[in-house]
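This report concerns only the one structure given below.
The values are calculated or read from the model by the stated rules, or taken from the named source; none is laboratory data. Being a predicted model, the structure only gives us computed values, none of them experimental. A quick note on method: Cβ atoms are made from the backbone with ideal geometry, for glycine too, and the neighbour counts reach across all protein chains shown.
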Amino acid sequence: MAQKNKPVVLIAEDDEVNRDILREILKDGYEVIEAGDGKSAVSYIESAKTKLNLVIADIHMPVMDGFGVIEYLHKEGLSDRIPVIITTADQSADVLLLGKKYRVADIVYKPFKVKAIRKSVDALFEILKCERGVNDVISEKSEHFVNQYTALKKADSIRVFCWEDTIRLIMDELLPGGVLHRKRIHNYTRAVLDKLKTDFPKYRLTDADVDMISKCTLMHDIGSVVIPDEVYDKGDATSYRGLMQIRKRPVVGSELINLIFANSTHLDEKRHCYEICRYMRERFDGKGYPDGLLGIEIPVSAQVVGLVHRYDELRFKDGKIHSHKSSCNAILEAEYKAFNPDLIDLFEEISGTFEEISSQIGIKEK
C-alpha cells in the first residue's frame, strides 16, 4: 500500500538480502518498490514513471544490468527527472568512469553502510527539492519578505526605520548565520569604494554611490534563502549536482530581488542590489557565471563585491580563520585574472584594512 506524501524509491537488486537491507534503511522516510532484475525495473518505470522519484540499481543483475536501466531512462527522456544511484562491490576506476559517463547521482559500495546510504539519498532529495521547487520557494520567500517589510514600515510612527535597517532586520531573520559575514562585506566594500572614488576618477563614483552600494551589499547572499548550503557537500559523490544548484543562486537571488522591489520606490537600491546579487560571481576574464560577462560588462558594484567576497571566503573557509596573508596571496598570485586590474592594485594597497576588518568582526556566528 502506497504511503502518502513520501518520495517513491525503486530498488533494483537481484540479491534479496541486499534488497531487504536497503528497504530497512529507507522505509521510514520513503515508499520503497522492489525489482529483482533490470527488466522488471524497466517494466515498473513504464507503468508508474510519473510517481517514481529515484532508482537505486545494482550494476550487475540478470536479464538487464543497472546501466541498461539508466540507458532506458535516457532513451525515454526521464534521466533528468528520475536520478539513479548505482550500487556495486567493484571499487575500480572503471566504475567511476562509467558512473560519470551515465551521469549517475551517486555510487554506493557494498557491503552497505547504513549512514552512507541514508545520507546519500537524503542529500539527493534536498537537491531535487531545489531543482523542482525553486519557483515556488522564490514566490514564498518574496511574499514573506514583502510582508515583513510592509509591517516594519507601518511601525515608522513608533520607530523611524531607514531603508537599510529594515532590510537588515529581515535578512538577519532569513539568514541568521550570515550576520557577521554581511557586516564584513559591507565594511570591505565601503573601504574599496572610498579608495576607488579617490584614486580612479574614471569610475565617476560619488559619496552617495559609495554609501548606497555599501548598503546594498546586505542582499548579496539572498540567493542562499532559496538554495541553502546544505545541498552541496564536497564529500559526497552528489557534489557536482549540488554545485550546479549553488551556481543558480545569483539568478534566483536576483529574481527574488525583482519581486521584493516590484512596488517599491527605491529604484536605485533595487538596481544596485540586483547587480550585486546577479553579477558578483562573474569574472573579469569572462569565465564566471551566470552570464559569462567579460571585463567592464560587469557593473563596478558587482566587481567590487565579487573581490571582497572572495577574500572573505578564503579568510573564513569552512568556518575556520585562515591567515590574512594566505588569503591575499590566493587572490594576488593565483586568481588575479578573475578581477579588474585596477581593483587588484587597490586591494594590494589597502589589504591591511581587510585584515583589520576581518580580525575585528571574526566568525562568532560559526
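For the stretch 32-68, which residues satisfy the criterion of being touching a Gly at 6+ places or on another chain (Cβ under 7 Å), in a helix (DSSP H, G or I) and within 20 Å of Ser120 (Cα to Cα)? Answer for the stretch 32-68, where residues must be touching a Gly at 6+ places or on another chain (Cβ under 7 Å), in a helix (DSSP H, G or I) and within 20 Å of Ser120 (Cα to Cα): just Gly66. With respect to Leu256, is the statement that it is closer than 25 Å to Asp211 by Cβ, at pLDDT below 95 and within 18 Å of the chain's Cα centre (by Cα) true? Here the answer is yes, as Leu256 does meet what is asked.
Within the stretch 286-301, the set of residues being assigned to a loop (DSSP other than H, G, I, E, B) and among the charged types (D, E, K, R) comprises Lys287, Asp291. Within the stretch 81-110, track down each residue that is surrounded by 18 or more Cβ atoms within 10 Å (Cβ to Cβ) and among the hydroxyl-bearing types (Ser, Thr, Tyr). Passing the criteria: Thr87, Thr88. Among the candidates Arg310, Arg315, the residue that is surrounded by 21 or more Cβ atoms within 10 Å (Cβ to Cβ), under 22 Å from Ile276 (Cα atoms) and among the basic types (Lys, Arg) is uniquely Arg315. Out of the residues in the stretch 176-220 that are at pLDDT below 95 and of a type in the set (Gly, Ala, Ser), which is surrounded by the fewest Cβ atoms within 10 Å (Cβ to Cβ)? If we take residues in the stretch 176-220 being at pLDDT below 95 and of a type in the set (Gly, Ala, Ser), then Gly177 is surrounded by the fewest Cβ atoms within 10 Å (Cβ to Cβ). Would you be able to tell me the number of residues in the stretch 215-229 that are among the polar types (S, T, N, Q) and touching a Ser or Thr at 6+ places or on another chain (Cβ under 8 Å)? The total comes to 1. Of the residues making up the stretch 267-293, those that are of a type outside the set (Val, Ile, Thr), under 17 Å from the mean Cα position of the chain (by Cα) and within 15 Å of Ile185 (Cα to Cα) are Cys277, Met280, Arg281. Among residues of the stretch 320-366 being polar (S, T, N, Q) and in contact (Cβ under 8 Å) with a residue 40 or more places away in the chain, the one that is nearest to Leu175 (Cα to Cα) is Ser358.
Exactly one residue out of Gly77, Gly29 is part of a loop (DSSP other than H, G, I, E, B), in contact (Cβ under 8 Å) with a residue 60 or more places away in the chain, surrounded by fewer than 17 Cβ atoms within 10 Å (Cβ to Cβ) and not aromatic (Phe, Trp, Tyr), and it is Gly29. For the stretch 261-297, give me each residue that is buried (at least 24 other Cβ atoms within 10 Å of the Cβ) and of a type in the set (Val, Ile, Thr). The answer is Ile276, and nothing else.
The one condition from (1) farther than 25 Å from Leu243 by Cβ; (2) touching a strand residue (DSSP E or B) at 6+ places or on another chain (Cβ under 7 Å) that Leu54 does not meet is (1).
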